[in-house]
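The values are calculated or read from the model by the stated rules, or taken from the named source; none is laboratory data. This one's a predicted model, so the numbers in the text were calculated from it and none came from an experiment. Here Cβ is always computed from backbone atoms with ideal geometry, including for glycine, and neighbour counts include all displayed protein chains.
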Amino acid sequence: MCAGFAVQFDETPVPAGEPLIRYVHVQKAFGSKRIYEDLHFDVLSGETLTILGGSGQGKSVMIKILIGLLTADTGQILYRGVDLTHLSEFQLIEVRKRISMVFQLAALFDSLTVFENIAYPLREHLRLEETAIRERVEAQLDLINLPRSFAARYPSELSGGMRKLVGLARSIVMQPEVILYDEPTTGLDPESTVRVNKLIRTVQQERGVTAMVITHDMGGAFYFSDRIAFLSGRRIHRIGTVQEMRNAEDEILQNFLRGIPDEEE
Ligand SMILES: Nc1ncnc2c1ncn2[C@@H]1O[C@H](COP(=O)(O)OP(=O)(O)OP(=O)(O)O)[C@@H](O)[C@H]1O
Ligand SMILES: [Mg+2]
């Protein structure tokens, strides 16, 4: 594909349960360190797929190669049938509007109110009337269960958990088709963790988004996932529904779920 042309995606809705993203025989190494030998799996339209795996196994790299923050060595990553692995920075702008990553530290702008923080991507990317912006921001506040009166507050006036929720609201205000969450609850207190986990579920159910979640929080994973993919041995060791994974007769997986370290790692 020519680097100069904007990439066109088919806008037809992909029916729930059909592949939306396909990792096709992806390999990746950093120098002599091989991360994936053969990463091969699908993300289905409308599902929340959680990626589990030990530290340093390549969970974050998996979503970074999807949106072009890192490149795969071989293989393809198809989104709506388009291979994303050879796109230019210019073409990736369109991809990142549709596949939005929620960074672990969703830093808010301290000098802007909650309202302006959430409105920021709308003002950057769209030409909307002020009333339309207000509507979209208020819908986000409702989604994260934050009273509308908080819109006028500054980040410094919020708890860490609330800041995280506002960061999430800002990440999804553009209504992406896919949301990538990399450890969204790491460092949060238990109450905020529950709120974020509920939000992940709500966003999927109310907005029909497809999500990939990386987490070390098993309780969360079992709660909000439709399927779980377990990364081990430089590939997806096993993928299945929450029930299938919990019941699988698979020592490596069960040891991981029980928190027993893998001696080969
Ligand atoms: N840009 C990079 N350059 C070199 N090595 C990297 C780079 N990014 C990641 N790595 C290495 O690739 C491996 C996988 O990294 P990754 O961040 O995907 O792990 P992870 O599964 O997300 O781990 P954690 O649970 O600790 O976040 C690690 O060994 C890491 O050091
Ligand atoms: Mg990581």
Unique residue being in contact (Cβ under 8 Å) with a residue 12 or more places away in the chain and in contact with a helix residue (DSSP H, G or I) (Cβ under 9 Å, 6 or more places away or on another chain) when the list is R80, R22: R80
Exclusive hit being touching a residue at least 60 places away in the same chain (Cβ under 8 Å) and surrounded by fewer than 18 Cβ atoms within 10 Å (Cβ to Cβ), set G208, G219: G208
Region 17-32, subset in contact with an Asp or Glu (Cβ under 8 Å, 6 or more places away or on another chain) and either among the hydrophobic types (A, V, I, L, M, F, W, C) or more than 15 Å from M62 (Cβ to Cβ) (or both), residue modelled with the lowest pLDDT: G17
Residue that is nearest to ligand 2 (Cβ to nearest atom) [pool: residues in region 190-220 that are of a type outside the set (A, V, I, L, M) and in contact with a helix residue (DSSP H, G or I) (Cβ under 6 Å, 6 or more places away or on another chain)]: T215
Among (1) surrounded by fewer than 21 Cβ atoms within 10 Å (Cβ to Cβ); (2) modelled with pLDDT of 90 or more; (3) within 16 Å of ligand 1 (Cβ to nearest atom), the one test that G187 misses: (2)
Odd one out for E11, checked against (1) more than 27 Å from H125 (Cβ to Cβ); (2) without any contact (Cβ under 8 Å) to a residue 60 or more places away in the chain: (1)
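Assess whether V194 counts as being assigned to a helix (DSSP H, G or I) and in contact (Cβ under 8 Å) with a residue 24 or more places away in the chain. Quick ask: steps written out before the conclusion?
Details: assigned to a helix (DSSP H, G or I): yes; in contact (Cβ under 8 Å) with a residue 24 or more places away in the chain: no.
Considered against the rule, which asks whether it is assigned to a helix (DSSP H, G or I) and in contact (Cβ under 8 Å) with a residue 24 or more places away in the chain, V194 comes out as no.
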Elements of type strands (runs of 3 or more DSSP E) in region 11-66, at least 2 residues being within 12 Å of ligand 2 (Cβ to nearest atom): 48-53
